[in-house]
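Novice: Sharing a structure below in structure tokens format, with a few things to ask.
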Amino acid sequence: MIWQFLIRRLFLLLFVFFALTCFAFSLGHLFPGDPLTNFSGISQPSDELLPALVQQYQLEQGYLQQYFAFLSRILQGDWGLSLSSQQPIITELTQVFPATLELVAYALLISFVVGVPLGLIAAIKAQHWSGRFISGVAMVGYSVPIFWWALLMIMLFSITLGWLPTSGRISVLFEIPASTGFMLPDIMLSKQPYWQAAMIDALRHLLLPALVLATFPTTVMIRFTRDAMLGVWQQSYIKTARAKGLSRSQVLYRHGLRNAMMPVLRQLGLQFSTLVTLAMITELIFSWPGIGLWLLDSINQRNYPAIQGGLLVISTLVIMVNILMDILHTLLNPLARKQFNG
């Protein structure tokens, strides 16, 4: 039954979250320094505060009691303080996380809008020069290192042509209140008289890093869509539909495209995890104030509480998106539903 599948996925999510919290908890003892400082972010607690912290973090108890205390604090939103700023980790995460999610979302949208049509053309025109050209470009784009590609795009569009900015999310000339943390919605919600100019400026800042970040998943989407479409095009029901007199375009849109998109939908979840990883490099090059840049700065500063929180958030997000896409693929795929119902 489909409910058994959903319950298994829920238990898988809980198990992965348990493993992630165990790993994050172990980092507090594996990192150099005092475990109390690594968990709390307080480097020099006062004599009055020290006993209360030791009791709160259960450091005089065994590892099992310490883990349950750590898990309780995580669920309550008490992730400790940043060693560099002495601000709550959860507060800093809520400030930088929307920037990364916004960048990854637009890059994923670009890869889907560009990659799927090009993959379909490469499959339909497999023996034509256009199909071979698209496949060749996808192979080259798949092999290009993202840091080299980012620097090349900056040299071309920012330094040589001067069309696009090289860093930040918006110019300092515009003052936009942070309502949601996402720049484009915040501009529309700000109701500032200059919101149109601010929107154009934010899009100019977003375009270059989003294009760079979308390069790798776009090439993967092209190749995956091409292979999926070629596999569907050889199925017997496609040949039957063409034998009934349906045109090539009718067979493509009524039968081929719908079935070829099922594995492509599942691929979106895998590409999201890849984008989150590549976003750290992109944010560093373009000074994009997201969780990747924040985490890299925390590593350079040996900010151990921030490293624990950042790794936990990123890993949980990736796992949740992959499980969600797996569930959607199962619910939308008739063959998968028939397998569970049968």
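Novice: Just to be sure I understand, how many residues within segment 85-110 are farther than 23 Å from T316 by Cβ and under 23 Å from the mean Cα position of the chain (by Cα)?
Specialist: Qualifying residue count, segment 85-110: 1.
Novice: Note down all Cβ pairs under 7 Å where the first residue falls in segment 264-286 and is free of Cβ contacts under 8 Å to residues at least 60 places away in the same chain, the second is outside any helix (DSSP H, G or I), and they're at least six residues apart or on different chains.
Specialist: none
Novice: Which of the residues spanning segment 168-197 are assigned to a helix (DSSP H, G or I) and not aliphatic (A, V, I, L, M)?
Specialist: Matches in segment 168-197: P185, D186, S190, W195, Q196.
Novice: Within the set of pairs 6+ apart or on separate chains, which have a first residue in segment 185-213 that is on the phi > 0 side of the Ramachandran plot, a second that is surrounded by fewer than 16 Cβ atoms within 10 Å (Cβ to Cβ) and modelled with pLDDT of 90 or more, and C-beta atoms under 8 Å apart?
Specialist: none
Novice: Just checking: which of the helices (runs of 4 or more DSSP H) contained wholly in segment 1-108 hold 1 or more residues that are within 30 Å of T215 (Cα to Cα) and in contact (Cβ under 8 Å) with a residue 60 or more places away in the chain?
Specialist: Helices (runs of 4 or more DSSP H) meeting the threshold: 2-30.
Novice: Under 8 Å between Cβ atoms, at least 6 apart or on separate chains: pull out the pairs that start in segment 288-314 with a residue that is under 13 Å from P88 (Cα atoms) and end on any residue that is among the charged types (D, E, K, R).
Specialist: Matching pairs, first to second residue: N303/D297; A306/E92.
Novice: Continuing with this model, one more query. So which residues in segment 30-51 are under 21 Å from Y304 (Cβ atoms), modelled with pLDDT of 85 or more and exposed (fewer than 12 other Cβ atoms within 10 Å of the Cβ), if there are any at all?
Specialist: L30, P32 - these are the residues of segment 30-51 that are under 21 Å from Y304 (Cβ atoms), modelled with pLDDT of 85 or more and exposed (fewer than 12 other Cβ atoms within 10 Å of the Cβ).
Novice: Taking the criterion of being on the phi > 0 side of the Ramachandran plot and not hydroxyl-bearing (S, T, Y), would at least one residue in segment 29-44 satisfy it?
Specialist: Scanning segment 29-44 turns up at least one residue that is on the phi > 0 side of the Ramachandran plot and not hydroxyl-bearing (S, T, Y).
Novice: Filter segment 191-221 for residues that are farther than 19 Å from I154 by Cα, buried (at least 18 other Cβ atoms within 10 Å of the Cβ) and of a type outside the set (A, V, I, L, M) and give the result.
Specialist: Within segment 191-221, P217, T218, T219 meet the criteria.
Novice: Among (1) surrounded by fewer than 17 Cβ atoms within 10 Å (Cβ to Cβ); (2) more than 26 Å from L12 (Cα to Cα), which single condition is M280 missing?
Specialist: Against the list (1) surrounded by fewer than 17 Cβ atoms within 10 Å (Cβ to Cβ); (2) more than 26 Å from L12 (Cα to Cα), M280 comes up short only on (1).
Novice: Which of (1) modelled with pLDDT under 90; (2) part of a helix (DSSP H, G or I); (3) within 20 Å of G290 (Cβ to Cβ) does V140 not meet, given it meets every other one?
Specialist: So the condition that V140 fails would be (3).
Novice: I would also like to ask the following. Based on this model, can you work out whether L164 counts as in contact with a helix residue (DSSP H, G or I) (Cβ under 9 Å, 6 or more places away or on another chain), of a type in the set (A, V, I, L, M), closer than 30 Å to T21 by Cβ and not in a helix (DSSP H, G or I)?
Specialist: Judged against the criteria, L164 is not a match.
The values are calculated or read from the model by the stated rules, or taken from the named source; none is laboratory data. Fair warning: this is a prediction, and the values are worked out from it, not measured in the lab. Heads up, the Cβs are rebuilt from the backbone with ideal geometry, glycines too, and the neighbour counts pull from every protein chain shown.
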